[in-house]
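What follows is a single structure, written as structure tokens, with notes after it.
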Amino acid sequence: MLKGKDILSGPQFNAQELNLIMNTAANYEKRVKAGEVIRDMEGMVVATLFFEPSTRTRLSFEAAANRVGARVISMAGARASSQAKGETMLDTIKTVDGYVDVIVMRHPEKGSAQRAAEVAVHPVINGGDGAGQHPTQALLDIYTIRKEKGFLGGHTVTLLGDLKYGRTVHSLSYFLALYQNKMIFASPKALKMPEEITADLRSRGAEIEETEDVAAALAKSDIVYVTRVQRERFDDPAEYERLKGSYIMNNELLKKAKPGITILHPLPRVDEIAEEVDDYPGAAYFRQAHNGMYIRMALLALVTGRA
Ligand code: NCD
């Protein structure tokens, strides 16, 4: 179903494909935990091209590639590559496409992965395109919800924080809508979910409430997905300074939340979740990051036809 396909955005997926990816990931998780040496992608090479900083996305893709039996070549940081000589992103893609079986990339420009996919023969997986989309993060987010809650639909989910520039929520909101979750978009006015996304989601039947009242949102939510204010996307540093710290998930706020609430965050966090919250049993963000490896094993093997 996904062989040869690019993984570019949230809205590209239907529920059948999401189920396939999550079930494939669950199977890999079982095999890894059983100590199996997996060779499904033996003989294949994966490229990770990161034109923008990353910790989890790149390392979990590389761990995933290794664990599924592929080899990896990597470009982390444009400074050490011909980008520094002025080579365009598309020329780099065309070159690397001739070396490998699948390309994982991250780039600061919205739409960059789409453009790369248009010139590459091999599947392109978007590891984040500016303030655009981040579908592989959103896939591991719903996989985590399924594991933490036992099922994936019918929850009330608050997406909290920088919904304007945060690309993970631009992808995740589509998946949550597909499984009939109710969404509350909680953010400062200046960081609201882009209107075209909210309108598109509503036209697909999503139930969405928008608010600035974080405590009220949390009081009725089964899950809260906290995001970082995306400093690197602000033209005006003063505007970032004004908005940072405008919401902080701490034990005080947690007391006002619905009992049993699950707390997710794509990480890295800056100060929007206090460390004291880490001891709360529903704080799932590090388990969430771990789940990313299994989702990425599944994606690599599925798009190369080896799963
Ligand atoms: C996210 C990203 O890069 O968009 N990080 C990640 O991939 N886990 C979230 C963020 O940087 O805030």
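Kindly check whether there is at least one residue in segment 59-67 that is farther than 30 Å from residue 153 by Cβ, more than 20 Å from the chain's Cα centre (by Cα) and more than 16 Å from the ligand (Cβ to nearest atom).
yes
Would you mind finding the one in 190, 116, 186 that is more than 16 Å from the ligand (Cβ to nearest atom), of a type outside the set (S, T, N, Q), crowded, with 18+ Cβ neighbours inside 10 Å and farther than 24 Å from residue 283 by Cβ? Can you show your working first?
Working: 190 fails: crowded, with 18+ Cβ neighbours inside 10 Å; 186 fails: farther than 24 Å from residue 283 by Cβ.
Matching residue, one of 190, 116, 186: 116.
I'm checking my understanding of the structure. Among residues of segment 250-294 that are within 16 Å of the ligand (Cβ to nearest atom) and acidic (Asp, Glu), which one is surrounded by the fewest Cβ atoms within 10 Å (Cβ to Cβ)?
Per the criteria, the residue is 271.
Restricting the search to segment 295-307, which residues are over 14 Å from the mean Cα position of the chain (by Cα) and surrounded by 24 or more Cβ atoms within 10 Å (Cβ to Cβ)?
So the first thing to find is which residues in segment 295-307 are over 14 Å from the mean Cα position of the chain (by Cα), and the list is 297-298, 300-307.
297, 298, 300, 301, listed by residue number.
Out of 162, 213, which single residue is open to solvent by less than 50 Å² (accessible area, probe 1.4 Å) and either at positive phi or not aromatic (Phe, Trp, Tyr) (or both)? Let's see the steps before the verdict.
On the way: 213 fails: open to solvent by less than 50 Å² (accessible area, probe 1.4 Å).
The conditions single out 162.
Restricting attention to segment 2-18, report how many residues are open to solvent by 30 Å² or more (accessible area, probe 1.4 Å), closer than 22 Å to residue 106 by Cβ and of a type in the set (S, T, N, Q).
1
Name every residue in segment 244-271 that is more than 16 Å from residue 221 (Cβ to Cβ) and in contact (Cβ under 8 Å) with a residue 60 or more places away in the chain, in order of residue number.
Applying the first criterion (more than 16 Å from residue 221 (Cβ to Cβ)) to segment 244-271 yields 244-246, 248, 250-252, 266-271.
Listed by number, the residues that qualify are 266, 267, 268.
Give me the residue from segment 232-249 that is closer than 30 Å to residue 282 by Cβ and of a type in the set (Lys, Arg) and, out of that set, most open to solvent (accessible area, probe 1.4 Å). Let's see the steps before the verdict.
Initial filter on segment 232-249 (closer than 30 Å to residue 282 by Cβ): 232-233, 240, 243-249.
Those left that are additionally of a type in the set (Lys, Arg): 233, 244.
On the way: 233: 37, 244: 86 Å².
Top of the filtered list is 244.
Out of all the residues in segment 76-104, which are away from the ligand (no atom under 16 Å from the Cβ), open to solvent by 30 Å² or more (accessible area, probe 1.4 Å) and closer than 30 Å to residue 35 by Cα?
Within segment 76-104, 101 is the sole residue that qualifies.
Of the residues 21, 73, only one is away from the ligand (no atom under 16 Å from the Cβ), of a type in the set (A, V, I, L, M) and surrounded by 20 or more Cβ atoms within 10 Å (Cβ to Cβ); which?
Working: 73 fails: surrounded by 20 or more Cβ atoms within 10 Å (Cβ to Cβ).
Unique residue meeting the criteria: 21.
Could you please find all residues in segment 30-48 being of a type in the set (A, V, I, L, M, F, W, C), open to solvent by 30 Å² or more (accessible area, probe 1.4 Å) and not in a strand (DSSP E or B)?
Step one: list which residues in segment 30-48 are of a type in the set (A, V, I, L, M, F, W, C), which gives 32, 34, 37-38, 41, 44-47.
Those still in the list that are open to solvent by 30 Å² or more (accessible area, probe 1.4 Å) too: 34, 37, 45.
Hits for segment 30-48 are 34, 37.
Based on what the data block shows, is residue 179 more than 14 Å from the ligand (Cβ to nearest atom), among the hydroxyl-bearing types (Ser, Thr, Tyr) and under 20 Å from residue 6 (Cβ atoms)? Walk me through how you get there before you give the answer.
Numbers: more than 14 Å from the ligand (Cβ to nearest atom): yes; among the hydroxyl-bearing types (Ser, Thr, Tyr): yes; under 20 Å from residue 6 (Cβ atoms): no.
So residue 179 does not fit the description; no.
The values are calculated or read from the model by the stated rules, or taken from the named source; none is laboratory data. Everything numeric in this text was worked out from a predicted model, so none of it was measured. Note that each Cβ is placed from the backbone with ideal geometry, even for glycine, and that neighbours are counted across all protein chains shown. We work out accessible area using only protein heavy atoms, side chains counted, and drop any ligands, DNA or RNA first. Shrake-Rupley method; radii C 1.70, N 1.55, O 1.52, S 1.80 Å.
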